[in-house]
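K.L.:
Below is a structure I'd like to ask you about.
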Amino acid sequence: MPYDFSRFMTEPVKLAIVGCGQRGRGYAAYALQEPTLCKVVAIAEPRPKTRRIMAETYSVDNTLVFETYEDLLKASADTIQTIGTRLADAVVIAVQDRMHMEVALAFAAQGYHILCEKPMATTVEACIKMEAAVRKAGIIFGMGHVLRYSPYNRAMVDVIRTGKLGQLINVVHIEPVGYYHFAHSYVRGNWAREEDSCFSLMTKSCHDIDILCHYLSPDGPTRVSSFGSLQHFRKASKPAAAGEAKRCLDCAYERDCAYSAKKIYLEPVTQGQLGWPASVLVDGIPDIENITDALKTGPYGRCVYECDNDVCDNQVVNLEFSSGATASFTMVAQTELICQRQTRLHFAYGEIVGDMDNFTVTDFRTRKSTLHTPKNEGGGHGGGDIGLIRTFVEAVRTGKQEVLGTDVTEVLRSHLAVFAAEKSRREGVVVDCVQFEKEAREKYGHL
């Protein structure tokens, strides 16, 4: 069913949001900002209150409000069969990580353009299957590597691409996850156990590896090594004063604990702060009563030293690129900064030093330093969230994948670099990235 892209000159791109949690809502918000460019016309969300609020916010017709993606998919198939049109032009996939592949394959088969939240998928096999499905369908594919799309990184890449500082020789990049952010998402939350999601380098930092590859493009990674472990969030680190308490609300040490669930969730709500992270705990709008109940009975009220988490809270990755350039990346939980990346890029004739808000370009030859302060458009990741959805909508409107500055194969390759890094960490070896991709494609490419 071919697309008539010319109609987007007068009509907005129609979006279906599959998963209306924090990430799905974040991307959908662009429709409120730019209603002439895109419109949310369908949603799929299992939580009833969240589903109702989302439907009301975007005035979604009741017939296009679904509990599951399978219900949305069936309705779409019926519409295609009866009147020859899809329910929407594109699908935003913002479900749990392990569901990405099945949802993407299903909607790609119906010809929907796809914006998929990171990571692409949680196994090498699933990522390769997604690449094949996207290519077979011939659709626009966007990946939630939001760092690429922030004004900060766009401006930094513009400087890199001029070549004025000479060859890019080395990059040092740090992601300070944030002490309570890590506890929320990777100790108590959905990404705490590899069995339920994936390893933390993938779930938290795949877009950091991607931005390193983007900085150094067109050269790709050739070798990778990695080290890391779960150091702090385990029973051996539990303060003695916490005793046998399993929940913060029952703990005598709670007032002195950096990871007190009462401090992280309940106290902000009492002060009227109803957004993240408290909003994740309940279906609907947080209040003192439902947050208190969540801390008494749900996973987010547990002691961080008594959880069943197993993903790394610190990891380093060393990459060598085909040009001979090197890059090092550190992901660490124990920081005050929350996801405020720190980056140094070292060139033959200068350097760039940045912190996601500003970056300074120094030219060794002139001995001059220039401060760059790109406009922060608000939202998550320094404007990267809004930058991605805006760019994706434009790619769909024009029918041009190149508008996104990447494609599904490049997305796959940056994910394979992450899988290769994790193989290095687990096996204590330096991994050849080119050979890793070759073997992965030989093993799974025929499936």
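The values are calculated or read from the model by the stated rules, or taken from the named source; none is laboratory data. Keep in mind it's a predicted model, so treat the numbers as computed, not measured. As a convention, Cβ positions derive from the backbone with ideal geometry for all residues, glycine included, and neighbour counts pool all protein chains shown. For accessibility, only protein heavy atoms count, side chains too; no ligands or nucleic acids. Shrake-Rupley method; radii C 1.70, N 1.55, O 1.52, S 1.80 Å.
K.L.:
Pick from Ile264, Ile209: which is within 20 Å of Cys339 (Cα to Cα), buried (at least 20 other Cβ atoms within 10 Å of the Cβ) and in the same structural domain as Ser424 (by the TED database)?
P.N.:
Details: Ile264 fails: in the same structural domain as Ser424 (by the TED database).
One residue alone meets the criteria, Ile209.
Per-residue answers, yes or no, for (1) farther than 16 Å from Leu168 by Cα; (2) part of a loop (DSSP other than H, G, I, E, B):
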| site | (1), (2) |
| --- | --- |
| Gly324 | no, yes |
| Glu336 | yes, yes |
| Arg344 | no, no |
| Val361 | no, no |
| Thr370 | yes, no |
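K.L.:
When segment 224-256 is examined, which residues are found to be open to solvent by less than 70 Å² (accessible area, probe 1.4 Å), touching a residue at least 24 places away in the same chain (Cβ under 8 Å) and of a type in the set (A, V, I, L, M, F, W, C)?
P.N.:
Result: Val224, Leu230, Phe233, Ala242, Ala245, Cys248, Leu249, Cys251.
K.L.:
Given the residues Ala42, Ala77, which is the only one that is open to solvent by less than 80 Å² (accessible area, probe 1.4 Å), assigned to a helix (DSSP H, G or I) and either closer than 23 Å to Glu102 by Cα or modelled with pLDDT of 95 or more (or both)? Talk me through it step by step, then tell me what you get.
P.N.:
Values: Ala42 fails: assigned to a helix (DSSP H, G or I).
Selected residue: Ala77, the only one of Ala42, Ala77 that is open to solvent by less than 80 Å² (accessible area, probe 1.4 Å), assigned to a helix (DSSP H, G or I) and either closer than 23 Å to Glu102 by Cα or modelled with pLDDT of 95 or more (or both).
K.L.:
Quickly run through segment 262-290 and pick out the residues that are under 22 Å from the mean Cα position of the chain (by Cα), outside any helix (DSSP H, G or I) and of a type in the set (Val, Ile, Thr).
P.N.:
Val282
K.L.:
Examine segment 397-404 for a residue that is in contact with a Gly (Cβ under 9 Å, 6 or more places away or on another chain), under 19 Å from Asp208 (Cβ atoms) and open to solvent by less than 20 Å² (accessible area, probe 1.4 Å), and state whether such a residue exists.
P.N.:
yes
Every residue, every condition in (1) at pLDDT below 95; (2) farther than 17 Å from Cys20 by Cβ; (3) open to solvent by less than 10 Å² (accessible area, probe 1.4 Å), yes or no:
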| residue | (1), (2), (3) |
| --- | --- |
| Asp89 | no, yes, yes |
| Val92 | no, no, yes |
| Ala104 | no, yes, yes |
| Ala108 | no, yes, yes |
| Leu115 | no, no, yes |
| Pro119 | no, yes, yes |
| Val124 | no, yes, no |
| Ala132 | no, yes, no |
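K.L.:
OK, next. Find the residue count for segment 291-307, including only residues that are in a helix (DSSP H, G or I), open to solvent by less than 40 Å² (accessible area, probe 1.4 Å) and not hydroxyl-bearing (Ser, Thr, Tyr). Spell out the reasoning first.
P.N.:
Taking segment 291-307 as the starting set, the residues that turn out to be in a helix (DSSP H, G or I) are 291-297, 299-301.
Remaining after also requiring open to solvent by less than 40 Å² (accessible area, probe 1.4 Å): 291-292, 294-295, 300-301.
Keeping just the survivors that are not hydroxyl-bearing (Ser, Thr, Tyr) gives 291, 294-295, 301.
Residues flagged as in a helix (DSSP H, G or I), open to solvent by less than 40 Å² (accessible area, probe 1.4 Å) and not hydroxyl-bearing (Ser, Thr, Tyr) within segment 291-307 amount to 4.
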